[in-house]
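Every read-out reported here was derived from the displayed coordinates using simple, explicitly stated rules and does not represent laboratory data. Note that this is a predicted model, so its numbers are computed, not measured. With ideal geometry, Cβ positions are generated from the backbone for all residues, glycine too; neighbour counts draw on all protein chains shown.
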Amino acid sequence: MPASDAYLVDSSIYIFRAWFTLPDTLRNQRDEPINAVYGFTDFVAGLIEQNQPEHIAFAFDESLSSSFRNSIYPPYKANRDPTPEDLKRQFQYCRIFLEALGYNVISSNRYEADDIIGTAAAIARKQGHCVTILSADKDLAQLIDSDDIFWDYARDNRLDPKQIKKHFGVYPEQIADQLALAGDKVDNIPGVPGIGMTTAARLLTKFGSIDQMLENIPAIAEMKIRGAKRIMELIEEHRETVLLCKRLTKIVCDAEVVPEDLRLHRAPCQLDNLTALFDEFQFGSLRRERWQRLLAAA
């Protein structure tokens, strides 16, 4: 029997996308913006309609400043603006909505959504599933195994390991090393000054990993790439930074917040709670009917 898909959703990206895309004139009876809720719930409805997933879980981030990575490197993600209170409220609404539908929602103060997804993916494979990760965050491409898919849902761009190699220039298991070398401005990870994603890919193609590269730094100068000697000097100078950055870019796949008996099936719908949320969000008849059809078909 072929393995079934387990869908693991990086929820925050799709909530942020809705927040920035839909007008904040969408409001509830208390005149609070509800645009991110509308966009995210439409995304979930579309995912269900298109794929009828039997196995799915949703990962959320709880904080930009409480991850274990902040104890390793305090400036981690410190460049990001605080989340507006109106958006924080909508994040909570989205969680409550998913729980009312019966879906498993997982978050942690210590681990990020990436780590939750990495751990859930490892457990799902043990349960006999292949994994589809829904995200537009390149970091998560490092988790893709031979039978898995990295799915940028909004662009309908699905990448398997070979396509990840073609897209990023490295294999999934090298993504964390590539980001450690090149840095990541979005997460405020410094990397090595002067080393971009393309040069990092060239280095990893030759050496395989950061550890192997650092064991043979003089060989960098012999590479047939422009400025090879200077690249060697930069790597030597920033050796400790590279090792630090690898601790930031590597996704945890054994976070204790995800249980070994991870639930991927949808639990019974909490109909009373769901109806109350429809009222709270001021969903019109078309949205209510859509969800009623989806739940009846599930």
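Taking Cα centre as origin and charging only the Cβ of basic (Lys, Arg, +1) and acidic (Asp, Glu, -1) residues, the dipole magnitude of the stretch 172-249 rounds to 320 debye. The orientation-averaged shadow of the Cα convex hull for the stretch 172-249, equal to a quarter of the hull surface, comes to 4.5 nm². Checking the Cα-Cα distances for Lys206/Lys250; Lys166/Lys250; Lys185/Lys206; Lys88/Lys162; Lys88/Lys138 against a 29 Å cut-off, the pairs over it are Lys88/Lys162.
Over the chain, Cα pairs under 8 Å with separation of 6+ residues give a relative contact order of 23 percent. When the Cα positions of Pro172, Asn188, Ala200 are compared along the charge dipole of the stretch 172-249, Ala200 comes out farthest toward the positive end, with charges on each C-beta of Lys, Arg, Asp and Glu. If a/c stays under 1.5 just call it rounded; otherwise compare a/b with b/c (prolate if a/b is bigger, oblate if not). Do that for the stretch 1-156, with a ≥ b ≥ c from the square roots of the Cα gyration tensor eigenvalues. Oblate shape, in that a/c is at least 1.5 and b/c is the bigger or equal ratio. Rounded to the nearest 5, the antiparallel percentage of DSSP beta bridges internal to the chain is 25%. A convex hull fitted to the Cα coordinates of the stretch 1-90 yields 134 cubic angstrom per residue. Close amide H contacts of Thr132 (hydrogens built in the peptide plane, cut-off under 5 Å, sequence separation of 5 or more or a different chain): Ala6, Tyr7, Leu8, Ile149. Exposure proxy ranking for Thr241, Thr205, based on other Cβ atoms within 10 angstrom of each Cβ and starting from the fewest, stands as Thr205, Thr241. Share of pairwise Cα-Cα distances greater than 13 Å in the stretch 5-44 is 50 percent (whole percent). Taking the charge dipole of the chain about its Cα centre, with +1 at Lys and Arg Cβ atoms and -1 at Asp and Glu Cβ atoms, the residue from Asn104, Ala57, Thr249 reaching farthest to the positive side is Thr249.
Look at His265, His55 and count the other Cβ atoms within 10 Å of each Cβ; fewest to most, that gives His265, His55. Taking N as the residue count of the chain, its C-alpha radius of gyration divided by 2.2 N^0.38 Å amounts to 1.10. By the beta-carbon count within 10 Å of each Cβ, the least crowded to most crowded order of Asp115, Asp24, fewest first, is Asp24, Asp115. Judged by the mean number of other Cβ atoms found within 10 Å, the most tightly packed of the peptides 68-80, 187-199 leads the ranking 187-199, 68-80. Charging the Cβ of each Asp and Glu at -1 and of each Lys and Arg at +1, and nothing else, the dipole of the stretch 206-247 about its Cα centre rounds to 240 debye.
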